[in-house]
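The values are calculated or read from the model by the stated rules, or taken from the named source; none is laboratory data. What you see is a predicted model, and the numbers here were worked out from it, not measured in a lab. Ideal geometry is used to build each Cβ from the backbone, glycine not excepted, and the neighbour counts take in all protein chains shown.
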Amino acid sequence: MKFFIDTANLAQIQEAYDLGVLDGVTTNPSLMAKEGIKGVENQHKHYIDICRLVNGDVSAEVIATDYEGMIREGEELATLNEHIVVKVPCIADGIKAIKYFTSKGIRTNCTLVFSTGQALLAAKAGATYVSPFVGRLDDTCSDGVNLVAHIVGMYRTYHFKTQVLAASIRHTQHIIQCAEAGADVVTCPLDAIKGLLNHPLTDAGLAKFIADYKKING
Ligand code: E4P
C-alpha cells in the first residue's frame, strides 16, 4: 500500500518525506488556497516545488468543469513535471477528459468519487487512480470504508488497472480500515500518518528498557 500525504504544505510534505514512508502527494484547490497560493503561475511553481520534494506522484487538480477547459489545463499541468497526475472531477466531461488524457499517456486521478458506479466509469475511462472520499461519506452517515472495499472488489473482478486511492481520510483508524479493505493508496493528513506510531505500551516499554540500562551502566 502506498502512502500519499494530503496537503499542499511544503513543511508537512518534507516532514512526511523525512520519515521515509512517503510515496506521493495529493492536493486540491482548497488545500492550495489554505497555503495562500494565488494565481496560476504561482500555483504551477508550487506544484513544481512539491515535485522536487517527493520522488512520487503529485496530484494537481483542474479548475475547469468543461471538457475543453479540463484538457487545456490538464495538458499544461502535465508538462510541469513528470510526476504530475492530473486530478479530474467525476462528472461527465471529466470522464471524457480522463479518456482523452489516457489516450495521450497523461496520468489521471478521478476525484470526488462517492459511489461504485462512478468508480466503474473512472476505470473504464482508464484513470490511473480513483479517489473515493471516505471521511465526507462518513459525514453523511454513509460508510466510506465500505465504498473503498466495494471498489477494490469490483476492480479485482474485472482486472481494472486503476488504483484505488482512499481520500478524505480523517484519522489513523481510517488508514488501517482502508489498508484492510485493500486500498492501493491512502492519502492522509500528516497527523493521521504520525498517529500510526502511537502506542502507550511502546512508550512504557522503551522507558523501562532505558531505565534498566541506566541501572547497570549509569
Ligand atoms: C484528496 O485527494 C482529496 O481532495 C482530499 O482527501 C479531500 O479531503 P477532505 O474531505 O478532508 O477535504
Can you tell me which residues in region 198-218 are at pLDDT 95 or above and either in a loop (DSSP other than H, G, I, E, B) or touching a Leu at 6+ places or on another chain (Cβ under 6 Å) (or both)? Asn198, His199
Might you check whether a residue that is under 28 Å from Glu15 (Cα atoms) and either at pLDDT below 95 or buried (at least 21 other Cβ atoms within 10 Å of the Cβ) (or both) occurs anywhere in region 148-164? yes
When you go through Ala125, Ala149 one by one, which is the residue that is without any contact (Cβ under 8 Å) to a residue 40 or more places away in the chain and more than 22 Å from Cys188 (Cβ to Cβ)? Ala125
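Being away from the ligand (no atom under 12 Å from the Cβ), part of a helix (DSSP H, G or I) and surrounded by fewer than 19 Cβ atoms within 10 Å (Cβ to Cβ) is the filter here, so list the residues in region 116-144 that pass it.
First pass over region 116-144, keeping only residues away from the ligand (no atom under 12 Å from the Cβ): 116-128, 141-143.
Filter once more, keeping what is part of a helix (DSSP H, G or I): 116-124.
Of everything in region 116-144, those that are away from the ligand (no atom under 12 Å from the Cβ), part of a helix (DSSP H, G or I) and surrounded by fewer than 19 Cβ atoms within 10 Å (Cβ to Cβ) turn out to be Thr116, Gly117, Leu120, Lys124.
Select from region 74-115 the residues that are among the charged types (D, E, K, R) and away from the ligand (no atom under 12 Å from the Cβ) and list them in ascending order.
First, pick out the residues of region 74-115 that are among the charged types (D, E, K, R): 75-76, 82, 87, 93, 96, 99, 104, 107.
Scanning region 74-115 gives Glu75, Glu76, Glu82, Asp93, Lys96, Lys99, Lys104, Arg107.
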Check off (1) more than 23 Å from Ala166 (Cα to Cα); (2) within 16 Å of the ligand (Cβ to nearest atom); (3) among the acidic types (Asp, Glu) for Asp57 and give me the number that stays unchecked. (1)
Looking at region 7-19, can you tell me whether even one residue there is more than 28 Å from Gly182 (Cβ to Cβ), without any contact (Cβ under 8 Å) to a residue 24 or more places away in the chain and part of a helix (DSSP H, G or I)? yes
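When you go through Lys87, Lys38, Lys104 one by one, which is the residue that is more than 19 Å from Leu190 (Cβ to Cβ), basic (Lys, Arg) and within 14 Å of the chain's Cα centre (by Cα)?
Working: Lys38 fails: within 14 Å of the chain's Cα centre (by Cα); Lys104 fails: within 14 Å of the chain's Cα centre (by Cα).
Going through Lys87, Lys38, Lys104 in turn, the sole match is Lys87.
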I'd like the full set of residues that are among the β-branched types (Val, Ile, Thr) and loosely packed, with under 15 Cβ neighbours inside 10 Å, limited to region 10-44. Val21, Val40
The lone condition Cys51 fails out of (1) part of a helix (DSSP H, G or I); (2) among the hydrophobic types (A, V, I, L, M, F, W, C); (3) surrounded by 15 or more Cβ atoms within 10 Å (Cβ to Cβ); (4) within 15 Å of the ligand (Cβ to nearest atom) is (4)
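Output the residue which, of all residues in region 156-189 that are touching a Cys at 6+ places or on another chain (Cβ under 7 Å) and more than 9 Å from the ligand (Cβ to nearest atom), is nearest to Ile5 (Cα to Cα). Give the derivation first.
Filtering region 156-189 down to residues touching a Cys at 6+ places or on another chain (Cβ under 7 Å) leaves 166, 169, 175, 186.
Subsequent filtering for residues that are more than 9 Å from the ligand (Cβ to nearest atom) retains 175, 186.
Details: Ile175: 12, Val186: 8 Å.
The qualifying residue nearest to Ile5 (Cα to Cα) is Val186.
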